[in-house]
Amino acid sequence: LMGHSRGGEAAPLAATFNKLKFYPDDAKQKLGFNFNIRSVVSIAPVDGQYKPAGQFTPLENVDYLVIHGSHDGDVSTFHGLRQFERLRFTDGQLHFKAAVYMYRANHGQWNTVWNNKDNGPRSGRSLDLRALIAPEEQRRFAKLVISAFLEATLNRKREYLPMFRDHRTAGHWFPKTMYITRFQESGYAPLAEYDEDVDVTTGSVPGVTLMGDSLGTWKEATLPYRSRGDDQHHNAVWLGWNNRIAGKDTTKMGKPASYTVTISDSLRMARAPTAASAIHLSLAVTKEKPGPRAGPKDTTKADTTPAGKARAKAVADSVKKDSVAKAKAEPKKKEVADTIPVEITVELADSAGHTVRMPLSRYGTIRRPLETHVYRREGRDETRFATIFELVPQTYVIPLADFAK
């Protein structure tokens, strides 16, 4: 089943209703279709415009692909990510799900009828059509990715799977723009998905311990959409770090920040990872910048007497007043965009204490937020949306065999 826009919500809805015996909003209406629906494609879908029994549509045991454009002037939020997260594989069969976010693609150019009229016949007056990729290129991408998905799911041609794990493997086929992809297949067993509780040190199953070190930001919170007041119904861990030490010497660095996921021996034996196993890590970069890290305190020179503490407080208050006065007097500097590449290393340690490291960029591009200006009028995107980018986590599939090698 395939659908576009509202049809992109209807296709997974039909796949769900296909397995029900009764219509959930009126059980006097019998269903019981049981067609052989194996694969579902959602193109720039809405989500939640119809909720059976007041719930967001659940989905189970079908292969699923969702594609969406960053410059969508109709469904401006990547709502298909919520359906991606809700889909579960429970029947023990081979399944996978994939999501692709295409930069500079819009809502209508997926077909030859709507084209660039996302906001109606006069779209050129309100939407910035200059940013859009050529319509033929957008449809060529759709043909490639949907055909590969159907070959992999309906004809079981597993050789197409690598392009969904890492789209760069098919980069010579794709139009020249930027992509962010999500991927998950049956057999996936979560360690930390951050939806279970409010304890930042526990994972999704017993035996998982989470710990941060030298982090400027460490919290668990929902993933927002760029649309105001809307979110992805899914949590993430938010991490921020700055290895530079505060002070006059801007070259002084502290030890690298780290975030560690530890699994117990019993969980390791229960999961029984092999060389054919892989680690799935999903990551999105924000635009927030943690300040320099505080230097270590010199406790050997501290005057801990009451008089010494009073003097220290007086000095601190004086410094604070001076800094506030200086901030008011100086003109506010324009914030300079952070262009330093985001480099992340993934380190594995085994039970014997051996460690091995891999650069995450080996398994996919680590992108800064893809800023988009959908509207023609300057400043309209900033007032219309909470942010001018969609926070789409990129999935990195890291084979354990690579670490063993």
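In percent, how large is the relative contact order of the stretch 1-160, given Cα pairs closer than 8 Å and 6 or more residues apart? The partial results should precede the final answer.
Working: 282 pairs, mean separation 29.7, N = 160.
It comes to 19 percent, rounded to a whole number.
One chain, two ends: residue 317 and residue 176. Fully extended at 0.36 nm per residue, the span grows by 45.2 nm beyond their Cα-Cα distance. Positive contributions from Lys and Arg (+1) and negative ones from Asp and Glu (-1), summed over other residues with Cβ under 10 Å from the Cβ of residue 246, come out at +3.
Restricting the stretch 56-161 to trypsin sites (Lys or Arg not before Pro) that sit in a DSSP loop and have at most 12 other Cβ atoms within 10 Å of their own Cβ leaves 122, 156, 157.
With contacts defined as alpha carbon pairs under 8 Å and 6 or more residues apart, what's the relative contact order of the stretch 132-248 in percent? Don't skip to the answer; put the middle values down first.
Working: 113 pairs, mean separation 17.3, N = 117.
For the stretch 132-248, the relative contact order is 15 percent.
Sorting 151, 159 by accessible area (1.4 Å probe), largest first, what list results? Mind showing how you got there, number by number?
Working: 151 50, 159 130 Å².
Solvent-accessible surface, decreasing: 159, 151.
Paramagnetic label reach from residue 349 (point 7 Å along Cα→Cβ; backbone nitrogen cut-off under 11 Å): within the stretch 261-284, residues 261-263. Using a 1.4 Å probe, what is the accessible area per residue for the stretch 349-405, in Å²? Counting only protein heavy atoms, the per-residue value for the stretch 349-405 is 55 Å². Solvent-accessible surface of the stretch 136-212, taken per residue with a 1.4 Å probe and all protein chains present: 50 Å².
Mind scanning 289/309; 219/289; 248/334; 30/97; 117/176; 219/248 and naming the pairs with a C-alpha gap bigger than 25 Å? As for pairs spanning more than 25 Å Cα to Cα, those are 289/309; 30/97; 219/248.
Candidates 202, 281, 68 compared by Cα position along the dipole of the chain: farthest toward the positive end lies 68, with charges placed on Cβ.
Mind listing which GluC sites (Glu not before Pro) in the stretch 164-203 are in a DSSP loop and have 16 or fewer other Cβ atoms within 10 Å? Here the GluC sites (Glu not before Pro) that fit, given the DSSP loop and packing criteria, are 193, 196.
When the trypsin sites (Lys or Arg not before Pro) in the stretch 331-385 are filtered for DSSP coil states and for at most 10 other beta-carbon atoms within 10 Å of their beta-carbon, the remaining sites are 332, 333, 334.
Nearest 5 is fine: what % of DSSP beta bridges in the chain come out antiparallel, could you say? Don't skip to the answer; put the middle values down first.
On the way: 36 of 52 bridges.
Rounded to the nearest five, the antiparallel share is 70 percent.
Apolar share of the accessible surface for the chain: 55 percent from carbon plus sulfur atoms, 1.4 Å probe. With a/c under 1.5 counting as rounded, go ahead and sort the stretch 241-281 into rounded, prolate or oblate using the C-alpha gyration tensor (a ≥ b ≥ c being the square roots of the eigenvalues; past the cut-off, prolate if a/b is larger than b/c, else oblate). It comes out prolate by the Cα gyration axes.
For the stretch 82-127, the per residue solvent-accessible surface stands at 47 Å², with DNA, RNA and ligands left out and a 1.4 Å probe. Normalised by the number of residues in the chain, the average gap of Cα pairs under 8 Å and 6 or more apart makes the relative contact order 14 percent.
The values are calculated or read from the model by the stated rules, or taken from the named source; none is laboratory data. Model, not experiment: these values are computed from the prediction. Note that we place each Cβ from the backbone using ideal geometry, even for glycine, and neighbour counts take in every protein chain shown. Ligands, DNA and RNA are stripped out before the accessible areas are found, and what is left, the full protein with its side chains, is counted by its heavy atoms. Shrake-Rupley method; radii C 1.70, N 1.55, O 1.52, S 1.80 Å.
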